[in-house]
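The values are calculated or read from the model by the stated rules, or taken from the named source; none is laboratory data. Note that this is a predicted model, so its numbers are computed, not measured. Using ideal geometry, Cβ is built from the backbone for each residue, glycine included, and neighbour counts are taken over all protein chains shown.
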Amino acid sequence: MRFRARRYWRDFAAAAGGIAVGAVILAAAGWLGFARPPSVGAPSLLERAPAPPEARYGGTLVVVRPNEPQTLNPLLARDTCSLDFVSRLFNSLFTNDSDCRVVPDLVRSWTTSSDHRVWTFRLREGVRWHDGQEFTARDVVFTYRALLDPATASPRRADFTFTSGPVVVEALGRHEVRFVLPQPVPQLLSLLTVPILPEHQFAGRSPLSDPRNERPVGTGPFIFEAWEQGRYLSMRAFDDYFEGRPYIDRLEFIIEPDPARRAEMLSSGEA
(Lines give C-alpha, C1' and ligand atoms only; values in the text may rest on other atoms or scores of the structure.)
Protein backbone atom coordinates (compact mmCIF):
# COMPACT_ATOMS: atom_id res chain seq x y z
CA MET A 1 0.00 0.00 0.00
CA ARG A 2 1.65 3.22 -1.02
CA PHE A 3 1.32 6.77 0.27
CA ARG A 4 -0.01 9.14 -2.33
CA ALA A 5 -1.81 11.99 -0.59
CA ARG A 6 -1.01 14.63 -3.19
CA ARG A 7 -2.26 17.56 -1.20
CA TYR A 8 0.73 16.84 1.04
CA TRP A 9 3.00 18.24 -1.66
CA ARG A 10 1.16 21.54 -1.63
CA ASP A 11 1.40 21.84 2.15
CA PHE A 12 4.99 20.65 2.24
CA ALA A 13 5.96 23.16 -0.40
CA ALA A 14 4.74 25.99 1.77
CA ALA A 15 7.01 24.74 4.56
CA ALA A 16 9.94 24.33 2.19
CA GLY A 17 9.40 27.87 0.95
CA GLY A 18 10.50 29.42 4.23
CA ILE A 19 8.26 28.60 7.18
CA ALA A 20 10.27 28.47 10.40
CA VAL A 21 10.92 25.10 12.00
CA GLY A 22 8.64 25.85 14.92
CA ALA A 23 5.77 26.73 12.61
CA VAL A 24 6.33 23.54 10.64
CA ILE A 25 6.11 21.48 13.83
CA LEU A 26 2.89 23.19 14.81
CA ALA A 27 1.42 22.75 11.35
CA ALA A 28 2.43 19.10 11.45
CA ALA A 29 0.47 18.70 14.66
CA GLY A 30 -2.62 19.83 12.80
CA TRP A 31 -1.89 17.54 9.85
CA LEU A 32 -1.56 14.57 12.19
CA GLY A 33 -4.94 15.30 13.70
CA PHE A 34 -3.83 16.42 17.17
CA ALA A 35 -6.83 17.83 18.99
CA ARG A 36 -6.63 21.28 20.53
CA PRO A 37 -6.30 20.87 24.34
CA PRO A 38 -8.99 22.33 26.57
CA SER A 39 -8.32 25.91 27.65
CA VAL A 40 -7.51 25.42 31.34
CA GLY A 41 -5.09 27.71 33.15
CA ALA A 42 -2.26 29.17 31.05
CA PRO A 43 -2.75 29.00 27.24
CA SER A 44 -1.09 26.07 25.54
CA LEU A 45 1.81 26.35 23.13
CA LEU A 46 -0.61 25.82 20.23
CA GLU A 47 -2.81 28.66 21.50
CA ARG A 48 0.14 31.06 21.98
CA ALA A 49 1.82 30.36 18.66
CA PRO A 50 1.39 32.90 15.84
CA ALA A 51 -0.34 31.76 12.69
CA PRO A 52 2.06 30.47 10.01
CA PRO A 53 2.65 32.79 7.06
CA GLU A 54 0.51 32.44 3.98
CA ALA A 55 1.72 29.75 1.59
CA ARG A 56 3.51 31.01 -1.51
CA TYR A 57 4.27 29.46 -4.87
CA GLY A 58 7.81 28.98 -6.09
CA GLY A 59 11.15 27.37 -5.37
CA THR A 60 12.90 24.10 -6.08
CA LEU A 61 13.05 21.24 -3.60
CA VAL A 62 16.34 19.33 -3.95
CA VAL A 63 16.36 15.79 -2.53
CA VAL A 64 19.38 13.49 -2.43
CA ARG A 65 18.61 9.78 -2.75
CA PRO A 66 20.76 6.64 -2.58
CA ASN A 67 19.13 5.00 -5.60
CA GLU A 68 17.08 5.73 -8.68
CA PRO A 69 13.92 4.14 -10.10
CA GLN A 70 14.19 0.93 -12.10
CA THR A 71 11.36 2.12 -14.34
CA LEU A 72 8.84 4.95 -14.68
CA ASN A 73 6.22 2.67 -16.24
CA PRO A 74 3.51 2.19 -13.58
CA LEU A 75 2.59 -1.28 -14.85
CA LEU A 76 6.15 -2.53 -14.42
CA ALA A 77 7.15 -0.74 -11.20
CA ARG A 78 7.67 -3.09 -8.29
CA ASP A 79 10.42 -1.48 -6.18
CA THR A 80 9.67 1.23 -3.62
CA CYS A 81 11.82 3.83 -5.36
CA SER A 82 10.06 3.42 -8.72
CA LEU A 83 6.62 3.51 -7.07
CA ASP A 84 7.59 6.69 -5.21
CA PHE A 85 8.52 8.52 -8.42
CA VAL A 86 5.53 7.17 -10.33
CA SER A 87 3.14 8.47 -7.63
CA ARG A 88 4.17 12.05 -8.41
CA LEU A 89 3.53 11.68 -12.14
CA PHE A 90 0.35 9.59 -12.34
CA ASN A 91 -3.09 9.17 -10.83
CA SER A 92 -5.13 6.03 -10.28
CA LEU A 93 -8.82 5.28 -9.84
CA PHE A 94 -8.33 5.13 -6.08
CA THR A 95 -5.49 6.15 -3.81
CA ASN A 96 -4.53 6.16 -0.13
CA ASP A 97 -4.82 9.29 1.97
CA SER A 98 -2.46 10.32 4.76
CA ASP A 99 -4.27 7.94 7.13
CA CYS A 100 -3.86 5.06 4.63
CA ARG A 101 -7.58 5.01 3.90
CA VAL A 102 -8.67 4.13 0.37
CA VAL A 103 -10.23 7.23 -1.22
CA PRO A 104 -11.31 8.16 -4.78
CA ASP A 105 -8.68 9.69 -7.05
CA LEU A 106 -9.80 9.70 -10.70
CA VAL A 107 -13.19 8.29 -9.69
CA ARG A 108 -16.07 10.64 -8.86
CA SER A 109 -18.70 8.06 -7.78
CA TRP A 110 -19.51 4.37 -8.15
CA THR A 111 -22.20 1.73 -7.77
CA THR A 112 -22.12 -2.05 -7.41
CA SER A 113 -24.54 -4.86 -8.15
CA SER A 114 -26.25 -6.80 -5.37
CA ASP A 115 -23.84 -9.71 -5.82
CA HIS A 116 -20.81 -7.33 -5.85
CA ARG A 117 -19.57 -8.68 -9.15
CA VAL A 118 -20.39 -5.69 -11.36
CA TRP A 119 -18.88 -2.31 -10.44
CA THR A 120 -19.62 0.88 -12.38
CA PHE A 121 -17.37 3.91 -11.90
CA ARG A 122 -18.11 7.49 -12.93
CA LEU A 123 -14.82 9.25 -13.67
CA ARG A 124 -13.74 12.81 -13.00
CA GLU A 125 -14.30 15.13 -15.92
CA GLY A 126 -11.91 17.88 -16.96
CA VAL A 127 -8.75 15.95 -16.02
CA ARG A 128 -5.87 16.56 -18.44
CA TRP A 129 -2.79 14.60 -19.33
CA HIS A 130 0.51 16.47 -19.18
CA ASP A 131 0.41 16.87 -22.97
CA GLY A 132 -3.00 18.58 -22.78
CA GLN A 133 -5.15 15.66 -23.94
CA GLU A 134 -8.31 14.79 -22.03
CA PHE A 135 -8.39 11.81 -19.67
CA THR A 136 -11.24 9.43 -20.56
CA ALA A 137 -12.60 5.95 -19.87
CA ARG A 138 -10.57 4.65 -22.83
CA ASP A 139 -7.38 5.25 -20.82
CA VAL A 140 -8.70 3.13 -17.96
CA VAL A 141 -9.67 0.29 -20.29
CA PHE A 142 -6.31 0.44 -22.06
CA THR A 143 -4.40 0.36 -18.76
CA TYR A 144 -6.21 -2.62 -17.28
CA ARG A 145 -6.17 -4.61 -20.50
CA ALA A 146 -2.43 -4.03 -20.77
CA LEU A 147 -2.01 -5.06 -17.13
CA LEU A 148 -4.00 -8.26 -17.68
CA ASP A 149 -1.99 -9.17 -20.80
CA PRO A 150 0.52 -11.88 -19.77
CA ALA A 151 3.04 -10.40 -22.23
CA THR A 152 3.24 -7.24 -20.14
CA ALA A 153 4.45 -9.23 -17.12
CA SER A 154 3.05 -6.68 -14.69
CA PRO A 155 3.56 -7.48 -11.00
CA ARG A 156 -0.02 -6.26 -10.43
CA ARG A 157 -1.57 -8.84 -12.78
CA ALA A 158 -1.90 -11.40 -10.00
CA ASP A 159 -4.27 -9.02 -8.15
CA PHE A 160 -6.80 -9.36 -10.98
CA THR A 161 -6.29 -13.02 -11.93
CA PHE A 162 -8.82 -15.54 -10.65
CA THR A 163 -9.27 -19.24 -11.30
CA SER A 164 -12.97 -18.62 -11.86
CA GLY A 165 -12.34 -16.41 -14.89
CA PRO A 166 -10.93 -13.07 -16.10
CA VAL A 167 -11.87 -9.55 -15.08
CA VAL A 168 -13.65 -7.69 -17.87
CA VAL A 169 -13.15 -3.91 -18.12
CA GLU A 170 -15.23 -1.88 -20.56
CA ALA A 171 -16.09 1.74 -21.28
CA LEU A 172 -19.76 2.67 -20.97
CA GLY A 173 -19.23 6.25 -22.06
CA ARG A 174 -16.57 8.92 -22.21
CA HIS A 175 -16.31 9.11 -18.42
CA GLU A 176 -17.80 5.83 -17.21
CA VAL A 177 -16.25 2.35 -16.91
CA ARG A 178 -17.51 -1.02 -15.74
CA PHE A 179 -15.58 -3.84 -14.10
CA VAL A 180 -17.19 -7.28 -14.30
CA LEU A 181 -15.63 -9.70 -11.83
CA PRO A 182 -15.82 -13.50 -12.00
CA GLN A 183 -16.40 -13.52 -8.25
CA PRO A 184 -16.91 -10.99 -5.43
CA VAL A 185 -13.64 -9.28 -4.40
CA PRO A 186 -14.08 -7.50 -1.04
CA GLN A 187 -10.82 -5.57 -1.37
CA LEU A 188 -11.47 -4.40 -4.94
CA LEU A 189 -11.23 -0.65 -4.28
CA SER A 190 -7.83 -1.05 -2.61
CA LEU A 191 -6.65 -2.97 -5.70
CA LEU A 192 -7.73 -0.19 -8.06
CA THR A 193 -4.66 1.87 -7.14
CA VAL A 194 -2.96 1.04 -10.42
CA PRO A 195 -1.74 4.29 -12.07
CA ILE A 196 -3.57 4.97 -15.33
CA LEU A 197 -1.63 5.20 -18.60
CA PRO A 198 -2.55 7.45 -21.57
CA GLU A 199 -3.85 5.30 -24.42
CA HIS A 200 -3.05 7.94 -27.04
CA GLN A 201 0.63 8.02 -26.09
CA PHE A 202 1.14 4.35 -26.90
CA ALA A 203 -1.07 4.19 -30.01
CA GLY A 204 -1.00 0.41 -30.45
CA ARG A 205 2.51 -0.04 -29.09
CA SER A 206 3.28 -2.33 -26.18
CA PRO A 207 3.83 -0.51 -22.87
CA LEU A 208 6.39 -3.17 -22.04
CA SER A 209 9.35 -1.71 -23.97
CA ASP A 210 8.13 1.57 -25.47
CA PRO A 211 10.68 4.42 -25.24
CA ARG A 212 7.92 6.56 -23.72
CA ASN A 213 8.58 4.71 -20.51
CA GLU A 214 11.63 6.95 -20.02
CA ARG A 215 9.64 10.15 -20.70
CA PRO A 216 6.28 9.36 -19.08
CA VAL A 217 3.13 11.44 -19.56
CA GLY A 218 0.72 11.30 -16.64
CA THR A 219 -2.05 13.31 -14.98
CA GLY A 220 -0.24 13.78 -11.66
CA PRO A 221 0.84 16.97 -9.86
CA PHE A 222 4.30 16.99 -11.47
CA ILE A 223 5.43 16.74 -15.09
CA PHE A 224 8.48 14.67 -15.98
CA GLU A 225 11.34 16.95 -17.01
CA ALA A 226 14.63 15.05 -17.29
CA TRP A 227 16.38 11.89 -16.17
CA GLU A 228 20.13 11.38 -16.46
CA GLN A 229 20.57 7.89 -15.14
CA GLY A 230 22.97 7.62 -12.26
CA ARG A 231 22.95 11.39 -11.68
CA TYR A 232 19.56 13.08 -11.28
CA LEU A 233 15.86 13.13 -12.12
CA SER A 234 13.75 16.29 -12.22
CA MET A 235 10.06 17.23 -12.42
CA ARG A 236 8.16 20.52 -12.64
CA ALA A 237 4.75 21.52 -11.35
CA PHE A 238 1.72 20.78 -13.52
CA ASP A 239 -0.19 24.06 -13.79
CA ASP A 240 -3.44 22.33 -14.84
CA TYR A 241 -3.45 19.63 -12.17
CA PHE A 242 -7.09 18.92 -11.28
CA GLU A 243 -6.50 19.18 -7.51
CA GLY A 244 -4.62 22.47 -7.85
CA ARG A 245 -1.09 23.36 -8.86
CA PRO A 246 1.62 22.28 -6.37
CA TYR A 247 3.25 25.15 -4.51
CA ILE A 248 6.74 23.91 -5.39
CA ASP A 249 7.89 24.81 -8.90
CA ARG A 250 10.36 21.95 -9.33
CA LEU A 251 11.51 18.73 -7.70
CA GLU A 252 15.11 17.70 -8.29
CA PHE A 253 16.32 14.31 -7.09
CA ILE A 254 20.09 13.85 -6.96
CA ILE A 255 21.25 10.23 -7.07
CA GLU A 256 24.16 9.66 -4.69
CA PRO A 257 24.85 6.10 -3.45
CA ASP A 258 27.71 7.17 -1.12
CA PRO A 259 26.24 7.83 2.38
CA ALA A 260 29.18 10.05 3.37
CA ARG A 261 28.66 12.24 0.32
CA ARG A 262 24.90 12.42 0.99
CA ALA A 263 25.57 13.58 4.54
CA GLU A 264 28.01 16.19 3.22
CA MET A 265 25.42 17.48 0.74
CA LEU A 266 22.82 17.80 3.47
CA SER A 267 25.14 19.63 5.86
CA SER A 268 26.38 22.01 3.15
CA GLY A 269 22.89 22.87 1.92
CA GLU A 270 23.31 21.26 -1.48
CA ALA A 271 20.24 19.16 -0.75
Inspect the range 189-206 for any residue being hydrophobic (A, V, I, L, M, F, W, C), modelled with pLDDT under 95 and on the phi > 0 side of the Ramachandran plot and give the result as yes or no.
-> yes
May I ask you to list the residues in the range 81-130 that are in contact with a His (Cβ under 6 Å, 6 or more places away or on another chain) and acidic (Asp, Glu)?
-> GLU125
Please indicate, with yes or no, whether at least one residue in the range 108-121 is loosely packed, with under 12 Cβ neighbours inside 10 Å and closer than 26 Å to LEU251 by Cα.
-> no
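Going through LEU191, LEU89 one at a time, which residue ends up being under 15 Å from the mean Cα position of the chain (by Cα) and under 16 Å from PRO221 (Cα atoms)?
LEU89 is the lone residue from the list that is under 15 Å from the mean Cα position of the chain (by Cα) and under 16 Å from PRO221 (Cα atoms).
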If the Cβ limit is 6 Å and pairs must be 6+ apart or interchain, which residue in the range 122-150 that is in contact (Cβ under 8 Å) with a residue 12 or more places away in the chain pairs with which residue that is polar (S, T, N, Q) and outside any strand (DSSP E or B)?
-> VAL127/THR219; TRP129/THR219; PHE135/THR219; ALA146/THR152; LEU147/SER154
Please go through the range 134-166 and pick out each residue that is part of a loop (DSSP other than H, G, I, E, B) and touching a Pro at 6+ places or on another chain (Cβ under 7 Å).
-> SER164
Do the conditions hold for ARG78, that is, is it closer than 26 Å to SER268 by Cβ, at pLDDT below 90, assigned to a loop (DSSP other than H, G, I, E, B) and charged (D, E, K, R)?
-> no
Might you let me know whether the range 86-98 holds any residue that is surrounded by fewer than 16 Cβ atoms within 10 Å (Cβ to Cβ) and not polar (S, T, N, Q)?
-> yes
Is it the case that some residue within the range 256-271 is more than 30 Å from THR120 (Cα to Cα) and crowded, with 19+ Cβ neighbours inside 10 Å?
-> yes
Filter the range 186-209 down to residues that are in contact (Cβ under 8 Å) with a residue 12 or more places away in the chain, assigned to a loop (DSSP other than H, G, I, E, B) and either touching a helix residue (DSSP H, G or I) at 6+ places or on another chain (Cβ under 9 Å) or among the aliphatic types (A, V, I, L, M) (or both), then give me how many there are.
-> 8
Select from the range 208-226 the residues that are out of contact with any Phe, Trp or Tyr (no Cβ under 9 Å at 6 or more places or on another chain) and at pLDDT below 75 and write down the one among them that is surrounded by the fewest Cβ atoms within 10 Å (Cβ to Cβ).
-> PRO211
Count of residues meeting criterion [of a type in the set (A, V, I, L, M), within 17 Å of LEU72 (Cβ to Cβ) and free of Cβ contacts under 8 Å to residues at least 60 places away in the same chain] in the range 224-271 = 1
With respect to PHE162, is the statement that it is surrounded by fewer than 19 Cβ atoms within 10 Å (Cβ to Cβ) and either at pLDDT below 95 or of a type in the set (A, V, I, L, M, F, W, C) (or both) true?
-> yes
Within the range 101-119, which residues are in contact (Cβ under 8 Å) with a residue 60 or more places away in the chain, over 13 Å from the mean Cα position of the chain (by Cα) and in a loop (DSSP other than H, G, I, E, B)?
-> ASP115, HIS116, ARG117
Within the range 232-240, is even one residue crowded, with 16+ Cβ neighbours inside 10 Å, at pLDDT 95 or above and touching a Gly at 6+ places or on another chain (Cβ under 8 Å)?
-> yes
